[in-house]
1. Report, ordered by the first and then the second residue, all pairs with beta carbons closer than 9 Å, sequence separation of six or more or different chains, a first member in segment 106-119 that is without any contact (Cβ under 8 Å) to a residue 12 or more places away in the chain, and a second member that is among the charged types (D, E, K, R).
2. Take segment 81-102 and flag every residue that is farther than 16 Å from residue 146 by Cα and of a type in the set (D, E, K, R).
3. I'd like the full set of residues that are crowded, with 17+ Cβ neighbours inside 10 Å and in contact with a Phe, Trp or Tyr (Cβ under 8 Å, 6 or more places away or on another chain), limited to segment 125-134.
4. Take the residues in segment 153-176 that are farther than 17 Å from residue 90 by Cβ and at pLDDT 95 or above, then tell me which one is surrounded by the most Cβ atoms within 10 Å (Cβ to Cβ).
5. Considering segment 89-112 alone, what residues qualify as being loosely packed, with under 11 Cβ neighbours inside 10 Å and more than 21 Å from residue 73 (Cα to Cα)?
6. Please count how many residues of segment 120-152 are in contact with a strand residue (DSSP E or B) (Cβ under 8 Å, 6 or more places away or on another chain) and not in a loop (DSSP other than H, G, I, E, B).
Amino acid sequence: MNQKDMKGKPERAFPSLKKGIALILIGMIILGIFIWTHQTLELVISHQETGEVYLTAPVATGDLLTYEWIHSFEHIPWYEDFRILGESSLDLEEIRVAGFGAGIPENKGIVTVKEGMVYMSDIHEHFQKIEWINSQTANQYIAINNETIIRGTDLPHHEPIELKIERRFQLWRKPQ
């Protein structure tokens, strides 16, 4: 091109590079949306020390997690209800126990008595995970939305166990 032809036209520097960068950015945005929409929450029960996983189960924000066990000294049923708030986020909402005794809190939340059970509600104590030493005789079950997902007898006896909520990427989603 001569000087006359260039007059009035801006010089274009690296047009293919700009297009390439734009395509990469668009691709990254599409990939980010894909990954974000394919994340799920999972409840994971594992060994505290070895990391061995005993159970994974899909959960959702707002699901109710319930533990039932038998108090080791008083031999009375004890229930705890947690609301799943999201990744690494459990909210203890209520404790129900058939009496008071060793290690049983007496002043959490609002305390009432109904049909022989002591209810401690409106507790809202936050947990990132729940850790315990499993007892196959004391731990009765763990449930999600009143559906048992595992029993204490399904976990190793006298071993350190943890329960946590994790966000996981799931490439293939099951239709709902």
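The values are calculated or read from the model by the stated rules, or taken from the named source; none is laboratory data. Since the model is a prediction, treat every value here as computed from it, not as a measurement. Positions of Cβ are generated from backbone atoms using ideal geometry, with glycine treated the same way; all protein chains shown enter the neighbour counts.
1. From segment 106-119, the pairs are 114/96.
2. From segment 81-102, those farther than 16 Å from residue 146 by Cα are 85-91, 97-102; that's our starting set.
Correct list: 87, 91.
3. Of everything in segment 125-134, just one residue is crowded, with 17+ Cβ neighbours inside 10 Å and in contact with a Phe, Trp or Tyr (Cβ under 8 Å, 6 or more places away or on another chain), namely 130.
4. Ranking the candidates gives 155 first.
5. 110, 112
6. Taking segment 120-152 as the starting set, the residues that turn out to be in contact with a strand residue (DSSP E or B) (Cβ under 8 Å, 6 or more places away or on another chain) are 120-135, 137-146, 148-152.
Checking which are not in a loop (DSSP other than H, G, I, E, B) leaves us with 120-121, 125-127, 129-133, 139-144, 148-152.
Number satisfying all stated conditions: 21.
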